[in-house]
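Rule-based calculations on the coordinates, nothing more; no lab input. On a predicted model such as this, the values are computed, not experimentally measured, just so you know. Here the Cβ is made from the backbone with ideal geometry for all residues, glycine too, and neighbour counts use every protein chain on show.
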Amino acid sequence: NLLIVATRNEGKAREFRHALEPLGLEVRSLADYPGLPEVEETGSTFAENARLKSQTIAEALGLPVLADDSGLCVDALEGRPGVYSARYSGPGATDSSNNAKLLGELEKLKQGEDTDQPLLSPARFVCALSLYDPADASELTAEGFVEGWITSEPAGGGGFGYDPLFYLPEYEKTMAELTLEEKQAVSHRGAALRALTDKRAGRRG
Ligand code: ITT
């Protein structure tokens, strides 16, 4: 039972494997399918970009494909970086350059305030999933999110992306300090996957 996930992000692929292999699915990512087209993420919403990725890759392979479009929305930055999360710090962006850019933007807003408070702004991670089947051009979608705070004190070596800066008050930890298991239980991706699995079971009746 094969499931292809249209991602080149190894952190995402690891989380999908962890969540789906216990359900008896063998997860493959785009690392297993070299030479497929680069999908330009031209949508203005996470859901549109997820659909662009799932449909393009599913049509290229002639197989059902799952795609994930996700990102971080920061209140103090009016929702940025949002759908631009992966390329926030410009061409050649990496997780660490994006994290540096985010802290830089938030520090700018703090100018003049003499506070050592590490929690800079409320924020949420959002994940849109799209499962596209080219056989009947059908799409199954789901979204999930998690609320937290951006901290000026990065911590943890787990996860990927903005996880070291995303503080969860109820755990008193950042997302990067959680195990894969714990992250799946609270994360935007875990919530979206549970919603998608429920919908799929419902559709099968
Ligand atoms: P694919 O399109 O190949 O899946 P990508 O990394 O470009 O990979 P997105 O366009 O969806 O994926 O961008 C997601 C951005 O949001 C990227 O900067 C991630 O680091 C960040 N992000 C998404 N989920 C995250 C998570 O669980 N923890 C930390 N950062 C996350």
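For the residue pairs K53/K173; K53/K110; K110/K173, the alpha carbons lie more than 26 Å apart in K53/K173; K53/K110. Using the alpha-carbon positions of the chain, Rg (one decimal) and Dmax (whole number) come out as 17.4, 60 Å. Remark: relative contact order (the chain) = 18 percent; criterion is Cα-Cα distance under 8 angstrom and separation of 6 or more residues.
Summing +1 for each Lys or Arg and -1 for each Asp or Glu among the other residues whose beta-carbon sits under 11 angstrom from that of S89 gives 0. Relative to the longest principal axis of the chain, what angle (0 to 90°, nearest 10) does the C-alpha long axis of helix 46-61 take? So the helix axis and the longest Cα principal axis differ by about 40 degrees. For the chain, a Gaussian network of Cα nodes joined below 10 Å ranks P164, P22, P81 by mean-square fluctuation, and the top entry is P22.
Among the GluC sites (Glu not before Pro) within segment 128-205, those in coil by DSSP and having at most 15 neighbouring Cβ atoms inside 10 Å are E170, E172.
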